[in-house]
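Note sheet for the following structure.
The values are calculated or read from the model by the stated rules, or taken from the named source; none is laboratory data. Note that the structure is predicted; figures quoted are calculated from it, not measured. Ideal geometry is used to build each Cβ from the backbone, glycine not excepted, and the neighbour counts take in all protein chains shown. For the accessible areas, the whole protein counts, side chains as well, though only heavy atoms, and no ligand, DNA or RNA atoms are used. Shrake-Rupley method; radii C 1.70, N 1.55, O 1.52, S 1.80 Å.
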Amino acid sequence: MLRLLALAALVALAFAAWLWWDMREWHPDETRYPEQGAVIGSGTAPVRFETIRALGGTFVYLVMPEPGGAPDPAFAERLEAARAAGLKVGVVHPFDPCQRADLQSDDFNRLVPRDAALLPPAIALVRLADDCRPKVSKAAVESELMTLINQVEMHSGKPAILKLGRKFEERHGIATMITRDLWLVRDRAQPDYAGRPWLLWSANSARVTDASEEPIEWVVVQK
């Protein structure tokens, strides 16, 4: 029995090691998902956008600095570099449930140009209000989110995409509350936690490529 348990543990360890190694460069099949791209975080290492294009990427989403956090002076430079590489570009705004929507939309309006060529803006819903001081009610979070969505859409002229984290969805049920395209996140396996179809899927949160010294988040579009 001990030998069988040891063998099972060894097999499980070997499978976990293989899965970790395989996920380093894994991405969904391009014949099934011909539109693929990357998410570039704020303040990341230099990115070779031409390499993203060579890897089959057709677009990138650039993440804005966290509301109230350190500025990102290289944001505009990355936006222009991505365009110069022939990539379509969009912007991700990280929603902060502890801050008023007006303050967050001001940041968005200052940093993101009014440009019809930009992809629809995305609002990342990940952070919960558990650590907000003073405390913020669930209803207040949802109200501020709706205000932010309206303000971002007014500036961009396009409907926002909701990049919805699993825990945020479990807390607020945003997928059924707000009718917007969804962007879901789950490594390798298709996500289903929203209860309705998604438009974008972050399929590999840390794909290792020659495009950057740091792993990048890899995204596909569902037709």
Report the FRET efficiency, 1/(1 + (r/R0)^6), for residue 132 and residue 193, where r is their Cβ-Cβ distance and R0 is 22 Å, rounded to 0.05.
0.40
Among 174-182, 157-165, 133-141, what's the highest-first ranking by average C-beta atoms within 10 angstrom per residue?
157-165, 174-182, 133-141
For labels at residue 106 and residue 74 in the simple 7 Å Cα→Cβ model, what's the distance in nm?
2.8
Excluding same-chain residues fewer than 8 positions from residue 158, which lysines have a Cα within less than 17 Å of its Cα?
88
Would you mind getting me the FRET efficiency between residue 83 and residue 143? Use the beta-carbon distance for r and R0 = 30 Å, nearest 0.05.
0.25
For a label point 7 angstrom out from the Cα of residue 25 toward its Cβ, which stretches of the stretch 46-85 have the backbone nitrogen within less than 14 Å?
55-56
What is the sum of charges, Lys and Arg at +1 and Asp and Glu at -1, for the other residues whose Cβ falls under 9 Å from the Cβ of residue 126?
+3
What does the net charge come to around residue 149 if you take all other residues with beta carbon closer than 11 Å to its beta carbon, with K and R at +1 and D and E at -1?
-2
Please say if the chain is rounded, prolate or oblate, where rounded means a/c under 1.5 for a ≥ b ≥ c the square roots of the C-alpha gyration tensor eigenvalues, and otherwise the choice is prolate for a/b larger than b/c and oblate otherwise?
oblate
On a full-extension model of 0.36 nm per residue, what is the gain between residue 177 and residue 210, subtracting their alpha-carbon distance, rounded to one decimal in nm?
7.9 nm
Taking Cα atoms only, helix 2-23 is inclined relative to the longest principal axis of the chain by an angle, in degrees rounded to 10, of 40
Accessible area of the stretch 38-143 with a 1.4 Å probe: how many percent of it is carbon plus sulfur?
55
When the chain is treated as a Gaussian network with springs between alpha carbons less than 10 Å apart, the largest mean-square fluctuation among 76, 122, 101 is found at 76
Percent of accessible area on the stretch 145-223 owned by carbon and sulfur, 1.4 Å probe?
50
For the chain, dividing by residue count, accessible area per residue (probe 1.4 Å) in Å² works out to 53
Counting only other residues whose beta carbon sits under 12 Å from that of residue 82, what net charge do I get with K and R as +1, D and E as -1?
+2
